[in-house]
């Protein structure tokens, strides 16, 4: 029975506390701590994400206003903003990073085999980054340009379920293509990227790992055609070629054959040219797969609009990374809740409902049932046409 327990406390029931404790012990997060444990810090910052709190003072004021309901949320005591600021400053951000990956692994099991818009049996991931602008005088460690600071979120998004499987946070000056050196590629999986990741030495590393990449070609792309396969022009496929690179450095970095596919969008009459090392999937499947890359752009848009990752509760690198990782954990927790409770609501709708019912003492399913899903909810699953690429 859930009588007497708030919606927030029921949501926290989906947090695997044993796994969280392992992450805390790994970095001695609760060593010599008397007032604010790592789990309490996670709860409070999750509350801030779910209720759109803009600052530590905002969080402190709202927790005071809750009064007697605070204990029933699972947060055992009121926490001054100075204590929370110190925890964000000094508590190792890797605790929350490791725990986010625990939640990501759980979500991966729940969403395995989820359809995503391409007729593909194996796993598929979209790789991209987004930039969060910062003030250089407040965040001098996050150098981007001469008079500008920023951090980048390099994200590997699982297209089955649209949740991140890997997030790497770097200063803004780190180029996207360098992130390929940090990835471990799954054999048989597809990695979809834009032209910013075209580096033939790194792409050949994906090929040697028995994984597949799909990207677009650059304007100065030099190649020689070996073979042209028959195509279905009614489906929009213009050509399907097997090629080899002819540039001196590019051929030395990638000596194997590649596949070059041309596709014309029937709605915009725009032709896009794709490059992949997969030689067996139909050409239309490769075009559909690249179209699904837009999901990572929608993910960035969603978290920037609905989670607090553009204004930060602290200025140190540790505080910024802690806040971002807890925001990602909240996003994945909503995805887990949606799947476990078999909800038809979009993540956007679930987040909106939770934001106004967190302190109601009703079953969480009842809170969501009072707002039935609409036919056209804002959803990260919406896919624009190819002209948006």
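The values are calculated or read from the model by the stated rules, or taken from the named source; none is laboratory data. Computed from a prediction, not measured in an experiment: that's the story for all the values here. When we count neighbours, we look across all protein chains shown, and the Cβ atoms used for this are built from the backbone with ideal geometry, even at glycine.
Observations, loosely collected:
- Qualifying residue in the stretch 127-141 (condition: assigned to a loop (DSSP other than H, G, I, E, B) and on the phi > 0 side of the Ramachandran plot): no
- Qualifying residue in the stretch 382-389 (condition: at pLDDT below 85, surrounded by fewer than 16 Cβ atoms within 10 Å (Cβ to Cβ), assigned to a helix (DSSP H, G or I) and not assigned by TED's automatic domain parsing to the domain that holds residue 52): yes
- From the list 329, 346, the lone residue that is under 22 Å from the mean Cα position of the chain (by Cα) and at pLDDT below 85 is 346.
- Residue within the stretch 169-190 that is surrounded by 14 or more Cβ atoms within 10 Å (Cβ to Cβ) and at positive phi present: no
- When each of 55, 82, 68 is tested for being under 15 Å from residue 8 (Cα atoms) and either over 28 Å from the mean Cα position of the chain (by Cα) or at pLDDT 80 or above (or both), the lone residue that passes is 68.
- The stretch 142-151, residues that are in contact (Cβ under 8 Å) with a residue 24 or more places away in the chain and assigned to a strand (DSSP E or B): 143, 144, 145, 148, 151
- Residues of the stretch 102-126 satisfying the condition of being in a loop (DSSP other than H, G, I, E, B) and crowded, with 18+ Cβ neighbours inside 10 Å: 111, 116, 118, 120, 123
- Every test in (1) more than 20 Å from the chain's Cα centre (by Cα); (2) under 25 Å from residue 120 (Cα atoms) is passed by residue 201 save one, and that test is (2).
- Tally, over the stretch 242-269, of residues that are surrounded by fewer than 13 Cβ atoms within 10 Å (Cβ to Cβ) and closer than 23 Å to residue 282 by Cα: 5
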